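In what follows, a structure is listed as C-alpha cells, so that the remarks can point back to it.
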Amino acid sequence: MFTRLGPVELIIILVIILLLFGPSRLSKVAGEIGKGIKSFRDNLNKDEKDKNDDQPQSPTGDSK
C-alpha cells in the first residue's frame with residue numbers, strides 16, 4: 001500500500017504545503033510546531049525528574 005517516500009515525493013509534498021500556506025504563514029506554523037515540541041519534551045523531562053525524586057533513597061546513599 002504505502003511505501004517509503006523518496007526525495008522526489010518529499011519535494012512534491014513540500015511544494016504543495018508551501019503553495020497552500022505561503023512562506024510567511026509557513027514560518028509561523030513551523031515556529032508554533034517547534035514551540036509545541038519543546039514544551040512536550042520539557043514536560044516529559046519534568047515527569048521523569050519527578051518520578052526519580054519520588055523514589056526512596058537508601059539510608060547509605062547507595063543506588064541499586
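The values are calculated or read from the model by the stated rules, or taken from the named source; none is laboratory data. Worth saying up front: this structure is predicted, and the values here are computed from it rather than measured. All Cβ positions, even for glycine, are placed from backbone atoms using ideal geometry, and neighbour counts span all protein chains on display. Note: areas computed on protein heavy atoms with side chains; ligands, DNA, RNA excluded. Shrake-Rupley method; radii C 1.70, N 1.55, O 1.52, S 1.80 Å.
Summary table
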read-out: The range 34-64 - residue that is not polar (S, T, N, Q) and not in a helix (DSSP H, G or I) and, of those, modelled with the lowest pLDDT; value: 64
read-out: First in the range 9-29 and assigned to a helix (DSSP H, G or I), second anywhere and open to solvent by 90 Å² or more (accessible area, probe 1.4 Å) and hydrophobic (A, V, I, L, M, F, W, C), Cβ under 8 Å, 6 or more apart; value: 13/5
read-out: Any hit, the range 2-18, residues being at pLDDT below 90, among the aliphatic types (A, V, I, L, M) and over 22 Å from the mean Cα position of the chain (by Cα); value: no
